[in-house]
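**Q** What follows is a structure written as structure tokens; I'll ask about it next.
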Amino acid sequence: MQEFVPYLTQIWDNKILTNNGPFHKQLEKELADFLGVPHISLFANGTLALVTALQVLRITGEVITTPYSFVATTHSLWWNNIKPVFVDIEPEFGNLDPEKIKAAITPKTTAILPVHVYGNPCKVERIQEIADIYGLKVIYDAAHAFGVKHNGQCICNYGDLSILSFHATKVFNTMEGGAIVCQDAATKKRIDYLKNFGFAGETTVMAPGINSKMNEMQAALGLLQLKHYHTNIQKRETIAKVYRKGLANLKGISFLPEPENTESNFAYFPVFVNEREYGMSRDQLYEKLKQNNIYGRRYFYPLISEFPMYKGLDSAKPSNLPVAEKIASEVICLPIYPDLKQTELIKILDNFI
Ligand SMILES: Cc1ncc(COP(=O)(O)O)c(C=O)c1O
């Protein structure tokens, strides 16, 4: 708290509260350096970054996406009047299965919108191969993947655009916030027009842009958070190791492997409950944890394809999404945050036995 006060004083002294103020400019620069990306545009939240990313590339018609994500992924298509086409996920990490993409492509398909679920990289090389053959754009929802590297490269440098979320629950946060990462200056310019009502000059409006600007208070918090990022990630890694060790030989409980060639951010620790082997269903375990004041999250249950506005789509049929259906019925994300104490961790693990 005390650490934030000088930033607030500075905002008052600057007398600039929003509209690309000094902290906003500084955060864009620091984040681009920190992440190792050519350009980044800050947003009021990740959802508006997603909505805008689709507009920047003029995506229309149908977009192939995953049902195993937070609703905002598909809502961004809905807001752009684009038809989502759900494709099943692969069982290893729960990301969009590249081998099932081809069968879902139609003449109306213009893009693929995969999600790096839990921050684990999608099969980016394979997805790009398919996109190149069919002339499709790729926009990654990297809301969970801040700071993640794949083969030494920021995960946000894959695809045409990537979006990030800086929501309070994320490993790096600005209370609410988000960003689009792009690869060239001309695209960044267009993104910056679109997030500011479409203004391309004092009297020029180039498109019906929305207001999705990040304000100075959010940007200041981001600058402060960045200073603590590495320490926080180390703490998360230690917690993840304790979970891995503690749950390693528990029949009916599984967790994701550590992804190869990846620098992880340890944003989530999902476990999967096989009711038959464990002797208790996922929901029974979830309730048991809750009764003991341990708040797991069923990310992602229900699948996005189960919500009423998407349920009627052909691609939303459970028979089209067997892997996603299974994983969604088994998952609980366990508490993971830098200040989680060893005593609390032991208490959580005790609940599994
Ligand atoms: C996968 C995914 N996409 C998009 C979003 C939306 O981000 P925001 O909450 O910043 O609007 C979230 C948010 O939590 C998310 O988990």
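**Q** When you check Gly209 against the structure, is it within 16 Å of the ligand (Cβ to nearest atom), under 24 Å from the mean Cα position of the chain (by Cα) and open to solvent by less than 60 Å² (accessible area, probe 1.4 Å), yes or no?
**A** So Gly209 fails the test.
**Q** Sort out which residues of region 182-215 are farther than 26 Å from Gln225 by Cβ and in a loop (DSSP other than H, G, I, E, B), and write them in order of number.
**A** Listed by number, the residues that qualify are Asp184, Phe197, Gly198, Ala200, Gly201, Glu202, Thr203, Thr204, Met206, Ala207, Pro208, Gly209.
**Q** Could you tell me which numbered condition Leu50 fails, if it satisfies all but one of (1) farther than 30 Å from Val331 by Cα; (2) under 16 Å from the mean Cα position of the chain (by Cα); (3) not acidic (Asp, Glu)?
**A** Just one mismatch for Leu50, condition (1).
**Q** Let me ask you something else. What do you reckon, is Ala316 in contact (Cβ under 8 Å) with a residue 40 or more places away in the chain and open to solvent by less than 60 Å² (accessible area, probe 1.4 Å)?
**A** yes
**Q** Sticking with this structure for a sec: Out of the residues in region 227-262 that are basic (Lys, Arg) and open to solvent by 70 Å² or more (accessible area, probe 1.4 Å), state the one that is nearest to Asn274 (Cα to Cα).
**A** Lys251
**Q** Then there's this: So Leu223 passes all but one of these: (1) open to solvent by 40 Å² or more (accessible area, probe 1.4 Å); (2) farther than 26 Å from Ser69 by Cα; (3) under 21 Å from the mean Cα position of the chain (by Cα). Which condition number does it fail?
**A** (1)
**Q** Quick one: Asn45 ticks every box in (1) out of contact with any Gly (no Cβ under 6 Å at 6 or more places or on another chain); (2) open to solvent by 30 Å² or more (accessible area, probe 1.4 Å) bar one, so which box is it?
**A** Checking Asn45 against (1) out of contact with any Gly (no Cβ under 6 Å at 6 or more places or on another chain); (2) open to solvent by 30 Å² or more (accessible area, probe 1.4 Å), the one that fails is (1).
**Q** In addition: For region 71-85: of the residues being away from the ligand (no atom under 15 Å from the Cβ) and under 20 Å from Ile101 (Cβ atoms), which is surrounded by the fewest Cβ atoms within 10 Å (Cβ to Cβ)?
**A** Lys83
**Q** Does any residue in region 17-29 that is closer than 9 Å to Met217 by Cα and open to solvent by 80 Å² or more (accessible area, probe 1.4 Å) come within less than 9 Å, Cβ to Cβ, of a residue that is modelled with pLDDT of 95 or more and of a type in the set (A, V, I, L, M, F, W, C) six or more places away or on a different chain, and which pairs are these?
**A** Hits for this filter: Leu17/Ile11; Leu17/Met217.
**Q** Regarding region 102-109, can at least one residue be identified that is among the polar types (S, T, N, Q), outside any helix (DSSP H, G or I), surrounded by fewer than 18 Cβ atoms within 10 Å (Cβ to Cβ) and out of contact with any helix residue (DSSP H, G or I) (no Cβ under 9 Å at 6 or more places or on another chain)?
**A** Checked region 102-109: at least one residue is among the polar types (S, T, N, Q), outside any helix (DSSP H, G or I), surrounded by fewer than 18 Cβ atoms within 10 Å (Cβ to Cβ) and out of contact with any helix residue (DSSP H, G or I) (no Cβ under 9 Å at 6 or more places or on another chain).
**Q** Still on this structure: Condition first: within 22 Å of the chain's Cα centre (by Cα), within 23 Å of Lys251 (Cβ to Cβ) and aromatic (Phe, Trp, Tyr). Now tell me which residues in region 300-353 satisfy that.
**A** Residue satisfying the conditions is Tyr301 alone.
**Q** Among the listed residues Ala179, Ala143, Ala168, identify the single one that is assigned to a strand (DSSP E or B), within 13 Å of the ligand (Cβ to nearest atom) and modelled with pLDDT of 95 or more.
**A** Values: Ala143 fails: assigned to a strand (DSSP E or B); Ala168 fails: assigned to a strand (DSSP E or B).
Of the residues listed, the single one that is assigned to a strand (DSSP E or B), within 13 Å of the ligand (Cβ to nearest atom) and modelled with pLDDT of 95 or more is Ala179.
**Q** So which of Asn293, Asn265 ends up being within 16 Å of the ligand (Cβ to nearest atom) and either under 25 Å from Asn95 (Cα atoms) or part of a loop (DSSP other than H, G, I, E, B) (or both)?
**A** Only one candidate qualifies: Asn265.
**Q** Restricting attention to region 171-183, does a residue exist that is surrounded by fewer than 18 Cβ atoms within 10 Å (Cβ to Cβ) and farther than 26 Å from Val115 by Cβ?
**A** Taking every residue of region 171-183 in turn, none turns out to be surrounded by fewer than 18 Cβ atoms within 10 Å (Cβ to Cβ) and farther than 26 Å from Val115 by Cβ.
**Q** Please specify each residue of region 119-140 satisfying the condition of being open to solvent by 10 Å² or more (accessible area, probe 1.4 Å) and assigned to a helix (DSSP H, G or I). Break it down stepwise before answering.
**A** The first filter runs over region 119-140 and keeps only residues open to solvent by 10 Å² or more (accessible area, probe 1.4 Å), leaving 120-121, 123, 125-126, 128-129, 132-137.
Glu125, Arg126, Gln128, Glu129, Asp132, Ile133, Tyr134, listed by residue number.
**Q** Kindly establish whether Lys108 is closer than 17 Å to Leu31 by Cα, at pLDDT 95 or above and away from the ligand (no atom under 12 Å from the Cβ).
**A** For Lys108, the condition - closer than 17 Å to Leu31 by Cα, at pLDDT 95 or above and away from the ligand (no atom under 12 Å from the Cβ) - is not met.
The values are calculated or read from the model by the stated rules, or taken from the named source; none is laboratory data. This one's a predicted model, so the numbers in the text were calculated from it and none came from an experiment. Methodologically, a virtual Cβ is constructed for each residue, glycine included, from the backbone with ideal geometry; neighbour enumeration extends over all protein chains shown. Just so you know, the surface numbers come from the protein's heavy atoms only, side chains and all, with ligands and any DNA or RNA stripped out. Shrake-Rupley method; radii C 1.70, N 1.55, O 1.52, S 1.80 Å.
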